[in-house]
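Novice: Questions regarding the structure given below will be posed in turn.
The values are calculated or read from the model by the stated rules, or taken from the named source; none is laboratory data. The shown structure was predicted, so the numbers you read here are calculated from the model rather than taken from an experiment. No Cβ is skipped: glycine too gets one built from the backbone with ideal geometry, and neighbour counts run over all protein chains shown.
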Amino acid sequence: MMSATRSGERAAPPPNTLSGRSARQAAGLGQQSASGPAGGQSGRQRQAAAHPGATPPQPTRRRRFLAAAAIVALTAGAAAGYYFVHGRGAASAGIIRAVGRLEVHEFALTSAAAAPLAEIAVNEGDVVTEGQVIAKLDLAQAKDELAHAEALIAQTKLALDAAQAEANQRRNQFQAADGDLKRWQARAVVTRAQIDLKQSVRDTAQAALTSATADETAAEQAYDAARKDAEVLRAALNNDRIVAPKDARIQYRLADIGQPVERGSTIVTMIDPTDVTLAVDVPGRQADEVKPGAEARVVFEGAPNVAFAATVAFVGARAGTGGATPDADTVRVRLHVAPDLARDRQGELRTGMPAIGYIATRPNTEWPAQLRPRGS
């Protein structure tokens, strides 16, 4: 047998044996299936089984990135939806859309007299009602000034009486000199020296009258000024309290207790919460369709899902920029927000806040659902 094999025949392998690489792969698969209590468990499951009570592994960086991307996508979708509702999609036939900024009416309360502040009862941001006392003045100095003004009235009245008497006297003297000159000029026989003498007397009387008349005018002005000052002071003594002329909100407080203030100086500035307008620039041909009193809507930045009723309060003239097309010119349009709605939002509305205005160009415009005013 051994000699036969060597002579040229190769012995066949045993029936159930594998070649080298196949045998190694089979051995590796057998080891992998036999490892662990259950062959189908993942590595993370086997780790948890081997270390019970350990902290579960945190999400991977890739999973955190995917979660953040999803949040950003949802936010962008919501913003795109708002832009479609209150941007391109909302303006339909018969409705003009324009972007502008709010203007809340501001006004000032001033002092009626030059006096120190005895009391100031408000702070910035306070809401006040009509007739509420804002500040009180210490008018002791004003009483002294009134006494001085009344004394000045008496003095200027005496000076005026004297100036008027002087002016009347000078007026009579001038009239006499002027008449005398005319009579001498009318004589048939008269010398040049006589006429020159009468002319000199008339000129002197005229100069005296001119001076007396100027003094009379100055005395009248001084007397009138003294009386007006006294009237102002009397009014101030009757108005030692500064009160709110209407319901409003304090914006700035510009004076403090004990601080001397001049007559007419500002004590506080106030905001009228019911007087809110939106100023927008409407381009070109669209502006020709906008009429005062037309129905409108305003959407504030702070309340993007609520449309507030408004009306067109003012339509300006074209800016006349000389553009190549009519649309190159713009017209300033002012929308007035319904006072009761503006009052409800008085803590939120501020001058300069961006807002979107929608203007109806046709009567009985059918507004889209998202632009129907609140409560309708």
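Novice: For the range 263-281, give me the residue count where each residue is at pLDDT below 90 and either part of a loop (DSSP other than H, G, I, E, B) or within 13 Å of Thr361 (Cβ to Cβ) (or both).
Specialist: So the answer is 2.
Novice: I would also like to ask the following. Under 8 Å between Cβ atoms, which residue pairs at least 6 apart in sequence (or on different chains) link something in the range 247-267 that is among the aromatic types (Phe, Trp, Tyr) with a partner that is assigned to a strand (DSSP E or B)?
Specialist: Once the first residue is among the aromatic types (Phe, Trp, Tyr) and sits in the range 247-267, its partners that are assigned to a strand (DSSP E or B) give Tyr252/Val268; Tyr252/Thr269.
Yes/no per residue for (1) buried (at least 18 other Cβ atoms within 10 Å of the Cβ); (2) touching a Pro at 6+ places or on another chain (Cβ under 7 Å); (3) outside the structural domain of Gly316 (by TED's automatic domain parsing):
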{"position": "Glu220", "(1), (2), (3)": "no, no, yes"}
{"position": "Arg227", "(1), (2), (3)": "no, no, yes"}
{"position": "Leu233", "(1), (2), (3)": "yes, no, yes"}
{"position": "Leu254", "(1), (2), (3)": "no, no, yes"}
{"position": "Leu278", "(1), (2), (3)": "yes, no, no"}
{"position": "Asp281", "(1), (2), (3)": "no, no, no"}
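Novice: Of all residues in the range 202-257, count the ones that are touching a helix residue (DSSP H, G or I) at 6+ places or on another chain (Cβ under 9 Å) and within 28 Å of Asp275 (Cβ to Cβ).
Specialist: Count: 1.
Novice: Among (1) touching a residue at least 40 places away in the same chain (Cβ under 8 Å); (2) of a type in the set (Val, Ile, Thr); (3) touching an Asp or Glu at 6+ places or on another chain (Cβ under 8 Å), which single condition is Thr156 missing?
Specialist: Among (1) touching a residue at least 40 places away in the same chain (Cβ under 8 Å); (2) of a type in the set (Val, Ile, Thr); (3) touching an Asp or Glu at 6+ places or on another chain (Cβ under 8 Å), the lone unmet condition for Thr156 is (3).
Novice: For the range 205-261, what are the residues that are among the charged types (D, E, K, R) and either closer than 30 Å to Gln155 by Cα or assigned to a helix (DSSP H, G or I) (or both)? I'd like the intermediate steps shown before the answer.
Specialist: Taking the range 205-261 first, the residues among the charged types (D, E, K, R) are 215-216, 220, 224, 227-229, 231, 234, 240-241, 246-247, 249, 253, 256.
Correct list: Asp215, Glu216, Glu220, Asp224, Arg227, Lys228, Asp229, Glu231, Arg234, Asp240.
Novice: Does Gly316 satisfy being outside any strand (DSSP E or B), of a type outside the set (A, V, I, L, M, F, W, C) and assigned by TED's automatic domain parsing to the domain that holds Thr361? Before you say what the answer is, go through the steps one by one.
Specialist: On the way: outside any strand (DSSP E or B): no; of a type outside the set (A, V, I, L, M, F, W, C): yes; assigned by TED's automatic domain parsing to the domain that holds Thr361: yes.
Criteria not met by Gly316.
Novice: If only one of Gly125, Gly100 is under 30 Å from Pro339 (Cα atoms) and assigned to a loop (DSSP other than H, G, I, E, B), which one is it? Please lay out each step first, then the result.
Specialist: Numbers: Gly100 fails: assigned to a loop (DSSP other than H, G, I, E, B).
Step by step, each of Gly125, Gly100 is checked, and only Gly125 is under 30 Å from Pro339 (Cα atoms) and assigned to a loop (DSSP other than H, G, I, E, B).
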